[in-house]
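Quick note: the coordinates plus some simple rules give every number you see, no bench work behind them. Bear in mind the structure is a predicted one, so any value in this text is a computation, not a measurement. Cβ placement follows ideal geometry from the backbone for every residue including glycine, while neighbour counts extend to all protein chains displayed.
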Amino acid sequence: MQVSMLVTPAAHLSALDELFAWADKVDIACAWATTGEGKAAHWKCIDVSKVRSAVIGVEFAQTEPWVLRTLLEHNCLRVGKANGTFHPKVYVATKGEIVRAIVGSANFTRPAFSSNVELSVLLEGRKTDLQMKELAKFIKRHWQDGMVVDESWIDDYEISYNNRPKPPLIPGTKIQVTSVEDLQMSWPDYYRALRLQENRIEGIGVFHGNSSYTRELDDIQKVFETYAKFAKMPEAQRRLLMGLPGDSTGLIGSMGAARHAKKLVKSEPAKIGVYLDQIPLNGPVKIDLVNKVMSGMTSLHGVKLGVATRLLTVKRPDLFVSVNNGSNPQLATLLRRRQVRTVPHYLDLLQAVWQLEWHMAPPPRDAHQRKTWGRRAALLDSIFYEVVK
């Protein structure tokens, strides 16, 4: 029997892809399954017509109803049952007399195949091997014991899924966000969530330290209070607004690689200013104006979505969210698409954020919370940001 170790999300995803490409039939038994309604990369690896049986757990209502419905349509679904928690993570593929299997910690979920720390083994052997016989018995037993469900059962389950309790927030750990609903919380809960992101990534603070979101936004706020026009700012201040290395912490998006945009900032700032200056420092901003400003800025050579959203975010951190390489993979979950790539995508993102309870909340009385409330949209970056390797 051959044994290989899978120690990264990329290795898990590649193994799953190769498993389905090779196999005639695949059997799955796992505790939970989520796919972003079929948009996640691990779901795109699979050929559902090859799935002979899928025994999926629904404990704590963590499995996505869409997955259950899709598997039901292909007549390969049963819901896992156990005296305790149905908790396996097994993917067994067969082709003739050969068996390949992934066995380990990876549930059939987006995080397991994209960002989690997981450890599994990839096995290859023959149906007659003792270990492969044990796997086959395990799958068969839980398929036979599994609960047969119908569309009506899934409809009832979906109510539980939509009302499932949010996981507790633990200091210094990443908040798991799989949809915009996971961000639907009160202002006090959101403020606490931001506090718990302090130093989640080594050397990066939310409220404290020289390399912090607060320091970045404090410095930039002084620039906007001093200069009404982008083109009137000294070059050093324009570089700070752009998030360029040496002038900025790089948080809320570093534009160091935006070569053509840097030339505009240095030599022709009025081309950017004619759009950025239209965003007021206070008061409401209509989505039509955002569309006009974003479309105008991104029409400039070298000014891509990341540059434009960085500039809007540092000018109005209460309203705008920066889209950068470190945040885009997680921001995509809010819109159930792979990435935020276009101005219409960005407008959809803003409108989703603006409708959240914490964003619509009135200014709090506490001075520190009030200052944070004035930066509440921009600080989403502290929740979504991951270091790009």
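Things to note:
- Angle between the chain longest axis and helix 130-145 axis [Cα atoms, degrees, rounded to 10]: 80 degrees
- Helix axis angle, 151-162 relative to the chain longest principal axis, alpha carbon, degrees: 40 degrees
- The per residue volume of the convex hull around the alpha-carbon atoms of the range 122-274 is 264 Å³.
- Most to least packed among 279-289, 245-255, 130-140 [average Cβ atoms within 10 Å]: 245-255, 130-140, 279-289
- Potential extension, H208-K140 segment - 0.36 nm per residue separation minus Cα distance: 19.0 nm
- Inter-label distance, R126 to A21: 2.7 nm, where each label sits 7 Å from its Cα along the C-beta direction.
- Per the Cα gyration tensor, the range 149-213 maps to an equivalent ellipsoid with semi-axes of 34, 11, 8 Å, ordered largest to smallest.
- 19 Å cut-off, amide nitrogen to a point 7 angstrom out along W153 Cα→Cβ, residues in the range 33-53: 33-34, 52-53
- A simple packing score, the average count of other Cβ atoms within 10 Å per residue, orders the peptides 8-16, 224-232 as 8-16, 224-232, with the highest score first.
- Helix 287-298 axis, angle to the chain major axis (alpha carbon atoms, nearest 10°): 90 degrees
- Here the gap between S186 and S14, fully extended at 0.36 nm per residue and compared with their Cα-Cα distance, gives a gain of 58.0 nm.
- Kirkwood Rh, Cα atoms: Rg over Rh of the range 79-156: 1.02
- The gain in end-to-end length when the D47 to A236 segment is fully stretched comes to 62.7 nm, 0.36 nm per residue minus the alpha carbon separation.
- Overall, the chain carries a charge dipole of about 1080 debye about its Cα centre when +1 sits on the Cβ of Lys and Arg and -1 on the Cβ of Asp and Glu, all other atoms neutral.
- Partners of K140 within straight-line reach, counting lysines whose Cα lies under 24 Å from its Cα and excluding those fewer than 8 residues away in the same chain: K25, K50, K81, K89, K95, K127.
- Neighbour net charge for P269 - beta-carbon separation under 10 angstrom, K R +1, D E -1: +3
- Using the alpha-carbon positions of the range 106-197, Rg (one decimal) and Dmax (whole number) come out as 19.7, 59 Å.
- Computed over all pairs of different Cα atoms, the Kirkwood value for the hydrodynamic radius of the range 11-169 is 15.9 Å.
- Taking the three principal axes of the alpha carbon atoms in the range 1-100, the coordinate ranges are 35, 27, 26 Å, sorted in descending order.
- For the range 300-386, the Cβ-based charge dipole about the Cα centre amounts to some 180 debye (Lys, Arg positive; Asp, Glu negative; other atoms uncharged).
- From the alpha carbon centroid of the range 1-46 to that of the range 87-166 is 10 Å.
- In units of the rule-of-thumb radius 2.2 N^0.38 Å, the chain shows an alpha carbon radius of gyration of 1.15.
- DSSP beta bridges fully contained in the chain are about 70 percent antiparallel.
- Partners of K266 within straight-line reach, counting lysines whose Cα lies under 24 Å from its Cα and excluding those fewer than 8 residues away in the same chain: K222, K229, K232, K292, K304, K315.
- Computed Kirkwood radius, in angstrom, where 1/r is averaged over Cα pairs of the range 267-366: 14.2 Å
- Reciprocal mean inverse distance between Cα atoms of the range 186-238 - Kirkwood radius, Å: 12.8 Å
- Signed unit charges on C-beta, dipole axis of the chain, positive-most listed residue L251, I201, V265: V265
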